[in-house]
1. For region 117-123, what does the Karplus curve 6.51 cos²θ - 1.76 cosθ + 1.60, with θ = phi - 60°, yield as ³J(HN,Hα) per residue in whole Hz, taken in order and with x for Gly and Pro?
2. Once phi is turned into ³J(HN,Hα) by the Karplus curve 6.51 cos²θ - 1.76 cosθ + 1.60 with θ = phi - 60°, what whole-Hz value does each residue of region 13-23 show in order, with x for glycine and proline?
3. Note down the Stokes-Einstein diffusion coefficient of region 47-87 in µm²/s, whole number, using a Kirkwood radius over alpha carbon pairs, 37 °C, and 0.692 mPa s.
4. If you look at just the Cα atoms of the chain, how large are its Rg and its Dmax in Å?
5. Which lysines, on any chain, are close to Lys87 with Cα under 27 Å apart, when same-chain ones fewer than 8 places away are left out?
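Readers should treat all values here as calculations from the given coordinates under stated rules, not as data from a laboratory. Since the model is a prediction, treat every value here as computed from it, not as a measurement.
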Amino acid sequence: QVQLVESGGALVQAGGSLRLLCAASGRTFSSYAMGWFRQAPGKEREFVAAISWGGASTYYADSVKGRFTISRDNAKNTVYLQMNSLKPEDTAVYYCAAALRPGSRSRRDYNYWGQGTQVTVSS
């Protein structure tokens, strides 16, 4: 089992940057592919980015490609989401999640979820 805790959310101006962290417990972190999702008020939770077990493969939603970067450090049981050139439409609660299958953009494929961290981008 994996427990996930996100941090790093904040209020930031449009054009700014943030780095989100997701700390995982458990000795099997490297066995899981990881993903970031987000949910804005009144909207469904949507895929943002994902990374394979060892970090060699990454996947992004079109809306964040070129602005966000997902990475992981298996020695630290941590996955990161570097967010640059933030826009007001990036405002959401951001969740990290763990899956056995890499590259999935579907929430149904993720077995474990964190509680989320709020990102607010002001215009």
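1. For region 117-123, the Karplus-derived couplings read 9, 7, 10, 10, 10, 8, 8 Hz, x marking Gly and Pro.
2. Whole-Hz 3J(HN,Hα) from phi for region 13-23: 7, 4, x, x, 10, 9, 10, 8, 10, 10, 9.
3. Values: Rh = 10.7 Å.
Translational D for this selection: 308 µm²/s.
4. Taking only Cα atoms of the chain, I get Rg and Dmax of 13.2, 41 Å.
5. The reachable lysines, counting only those whose Cα sits under 27 Å from Lys87, are Lys43, Lys65.
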